[in-house]
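S.K.: One structure is given below, represented as structure tokens, and several questions about it will come after.
No value in this document is a laboratory result; all are computed from the given coordinates. Note that this is a predicted model, so its numbers are computed, not measured. Note that each Cβ is placed from the backbone with ideal geometry, even for glycine, and that neighbours are counted across all protein chains shown.
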Amino acid sequence: MTPHNEAQKGDYAETVLLPGDPLRAKWIAETFFDAPRQVNGVRNCLGYTGTWKGKPVSVQATGMGQPSLAIYVHELLDIYGVKNLIRVGTCGGLSAKVKVRDLVIAMTAATDSAMNQIFAPYQYAPFADYDLLAASVNLARDRGFTSHVGSIVSSDVFYVPDGAKSYGALLDHGILAVEMEAAALYTLAARFDAKALAICTMTDCLITGDQIDSSQRQSSLHEMVELALDVALDA
């Protein structure tokens, strides 16, 4: 147990899905898991364990932003012995080729966060696990999901003053999307010799202004979570 997690050792499966929203963690467990049981409720940052197609799997909400995610991920890896972490979240598009409802599978995650200043004078490049990445790309293609594989940025700022213009050179270098967690996830996975991947559904585009509506959001998230769970089968 930790100040943030009341689970006992052994309560989490080796593979954990990581949504930011606690209610989305609850929805994932109740919608997809067989025999789900709640293992964490501290601060209402909900965690559940069950099975998917016969394999144990867990889901743990992380809250919003890299500092919050880093607490839960550090403890999952250091205290609870988790081996595989898959973020299932949403993102804002930074490329006109990424449409609403498309999946963005993050190969790398740049960041503006001070958290990675521990690497100074070097610029660390947080990256996904190749096996998880390849499995997700292949499954998405097999199922006909529109997905984009490449670099994203994890920002500590949600309301940027100039919209897409604030990302400047990132746009010129092909960054696909912005979210707020993946860089810390990838950095911690590297530190603990674990596997990590971020799969996000693009819900609003900073370039075109397009946004996903409520009915599309639910079906799109369903596809993303089912993809992540099937990737977890072979993790």
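S.K.: Who wins for biggest fluctuation among Ala169, Ala29, Ala125 in a Gaussian network model of the chain, springs between alpha carbons below 10 Å?
M.R.: In the Gaussian network model the winner is Ala169.
S.K.: Hey, another quick one. Using the Cα centre as the reference, give the magnitude of the dipole from point charges on the C-beta atoms of the chain (Lys, Arg: +1; Asp, Glu: -1; all else neutral), rounded to the nearest 20 debye.
M.R.: Roughly 180 debye, rounded to the nearest 20.
S.K.: If you line up the long axis of helix 214-233 against the longest principal axis of the chain, both from Cα atoms, how many degrees apart are they, to the nearest 10?
M.R.: Approximately 60 degrees, to the nearest 10.
S.K.: If you don't mind, another one. Pairing rule first: another cysteine's C-beta must sit under 4.7 Å. Under that rule, which cysteines of the chain stay single?
M.R.: Cys45, Cys205
S.K.: Further question on the same structure: Can you tell me what share of the DSSP beta bridges in the chain is antiparallel? A percent to the nearest 5 is fine.
M.R.: 40 percent
S.K.: What value, in deg cm²/dmol to 500, does the helix sum -39500 (n - 2.57) over DSSP H runs of n ≥ 4 give at 222 nm once divided by the residues of the chain?
M.R.: My calculation for the chain gives -9500 deg cm²/dmol from helical runs alone.
S.K.: Measure nothing but the geometry: give the 0 to 90° angle between the long axis through the Cα atoms of 130-142 and the longest principal axis through the Cα atoms of the chain, rounded to 10°.
M.R.: Tilt of helix 130-142: around 80 degrees.
S.K.: On to the next question. Please find the FRET efficiency linking Ala134 to Phe158, where r is the Cβ-Cβ separation and R0 is fixed at 25 Å, and quote it to the nearest 0.05.
M.R.: In this case the efficiency is close to 0.20.
S.K.: Among Pro36, Leu197, Ala70, flag the residue with its Cα farthest along the positive direction of the charge dipole of the chain, charges on Cβ as +1 for Lys/Arg and -1 for Asp/Glu.
M.R.: Pro36
S.K.: Provide the gained length on full extension for the span Asp193 to Asp142, in nm with one decimal, where the gain is 0.36 nm per separating residue minus the Cα-Cα distance.
M.R.: Computed gain between Asp193 and Asp142 is 15.4 nm.
S.K.: Extension gain Gln123-Asp210, at 0.36 nm per residue separation less the Cα-Cα distance, in nm?
M.R.: So the extension gain works out to 28.0 nm.
S.K.: Taking the dipole about the Cα centre of the chain, with the C-beta of Lys and Arg at +1 and of Asp and Glu at -1, give me whichever of Gly144, Tyr130, Asn5 is farthest to the positive side.
M.R.: Positive-most Cα among the choices belongs to Gly144.
S.K.: How big is the chain on each of its three principal axes, counting only the C-alpha atoms and giving the largest first in Å?
M.R.: Rounded to whole Å, the extents work out to 46, 42, 31 Å.
S.K.: With +1 assigned to the C-beta of every Lys and Arg and -1 to the C-beta of every Asp and Glu, and no other charges, what is the dipole magnitude of the stretch 108-232 about the Cα centre in debye, to the nearest 20?
M.R.: 160 debye
S.K.: If I take every Cα pair under 8 Å that is 6 or more residues apart in the chain, average their sequence separation and divide by the length, what percent do I get for the relative contact order?
M.R.: Relative contact order here is 26 percent.
S.K.: Could you tell me the distance between the Cα centroids of the stretch 149-214 and the stretch 77-92, to the nearest Å?
M.R.: After rounding, the separation between the Cα centres reads 16 Å.
S.K.: Going down the list Lys97/Lys165; Lys53/Lys97; Lys165/Lys195; Lys26/Lys97, which pairs span over 26 Å between their C-alpha atoms?
M.R.: Lys53/Lys97; Lys165/Lys195; Lys26/Lys97
S.K.: Suppose the chain between Ala114 and Lys99 were pulled fully straight at 0.36 nm per residue; how much longer would it get relative to their current alpha carbon spacing?
M.R.: 2.4 nm
S.K.: Next up: Give the angle, between 0 and 90 degrees and rounded to the nearest 10, that separates the Cα long axis of helix 182-191 from the longest principal axis of the Cα atoms of the chain.
M.R.: Between helix and principal axis, roughly 50 degrees.
S.K.: Among DSSP bridges having both ends in the stretch 1-138, what percentage is antiparallel? Round to the nearest 5.
M.R.: For the stretch 1-138, the DSSP antiparallel bridge percentage is about 65.
S.K.: From the phi of every residue in the stretch 104-120, what ³J(HN,Hα) in whole Hz does the Karplus formula 6.51 cos²θ - 1.76 cosθ + 1.60 yield, where θ is phi - 60° and glycine or proline is x?
M.R.: Once rounded to whole Hz, the list reads 10, 9, 8, 6, 9, 9, 6, 7, 9, 6, 6, 4, 8, 6, 5, 8, 3.
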